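Before any comments, here is the structure.
Each reported figure results from applying straightforward, stated rules to the coordinates on display, with no laboratory input. If you're wondering where the values come from, they're calculated on a predicted model, not measured in any experiment. A quick note on method: Cβ atoms are made from the backbone with ideal geometry, for glycine too, and the neighbour counts reach across all protein chains shown.
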Amino acid sequence: MGTKGREIVQVDVKTLIELLRNAYADEWLAYYQYWVSAQIVKGRRRNEAVSELTEHAGDELRHAELLSERIMQLGGAPITNITELNERANCKYADPANPDSVEILKQVIDGERCAIDVYNKLLDMLRQKDPVTYHVILEIIEDEIEHEDDFETLLEDIQSCGE
């Protein structure tokens, strides 16, 4: 990170990097969970579930890229050891062992809620202290809120139609 860029960050950079690395782990796990869930999901509204899971998996991968870029700007490095991802994550991987669309949607909704909590805490910490990271986190939390709504709406549709 450049000299002037360091000057505007008014939080402990090492702590911030570690928090961002944990969020990076969350995003990779969410990406994989959504991707694999889209491959195996069965049951009611399967095609719609596949579509939402696939779309949001792409968003989670983009979030990991945004976080990786910011981590490197701050002088850190993203997690390189894949086995560290679940260890470091705030939102642990939920194995979609039951491929039923209702069960998978419940799992991903829980994951989105966890992500919203994590990013909301980061926003509180960064407000007025690091405008660049704040902006990155704000962009991500907006997507996570949209994801929660999309998955909840699909789940409600499935449950209300009794399909």
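So, in the stretch 95-123, of the ones that are assigned to a loop (DSSP other than H, G, I, E, B) and of a type outside the set (A, V, I, L, M), which residue ends up surrounded by the fewest Cβ atoms within 10 Å (Cβ to Cβ)? Break it down into steps so the answer makes sense when it comes.
Within the stretch 95-123, the subset assigned to a loop (DSSP other than H, G, I, E, B) is 95-99.
So of that shortlist, the ones also of a type outside the set (A, V, I, L, M) come out as 95-96, 98-99.
Numbers: 95: 10, 96: 20, 98: 14, 99: 15.
The residue in question is 95.
Checking residue 129 against (1) closer than 13 Å to residue 16 by Cα; (2) part of a helix (DSSP H, G or I); (3) charged (D, E, K, R), only one condition comes out false. Which one?
(2)
Going by the structure shown, is residue 155 assigned to a helix (DSSP H, G or I), buried (at least 19 other Cβ atoms within 10 Å of the Cβ), of a type outside the set (Phe, Trp, Tyr) and over 15 Å from the mean Cα position of the chain (by Cα)?
Numbers: assigned to a helix (DSSP H, G or I): yes; buried (at least 19 other Cβ atoms within 10 Å of the Cβ): yes; of a type outside the set (Phe, Trp, Tyr): yes; over 15 Å from the mean Cα position of the chain (by Cα): yes.
Yes; evaluated as a whole, the condition is true for this residue.
Quick test for you: out of 23, 30, 49, 57, pick the one residue that is closer than 19 Å to residue 139 by Cα, crowded, with 18+ Cβ neighbours inside 10 Å and touching a Leu at 6+ places or on another chain (Cβ under 8 Å). Give the steps one after another, and end with the answer.
Numbers: 30 fails: touching a Leu at 6+ places or on another chain (Cβ under 8 Å); 49 fails: closer than 19 Å to residue 139 by Cα; 57 fails: touching a Leu at 6+ places or on another chain (Cβ under 8 Å).
Unique residue meeting the criteria: 23.
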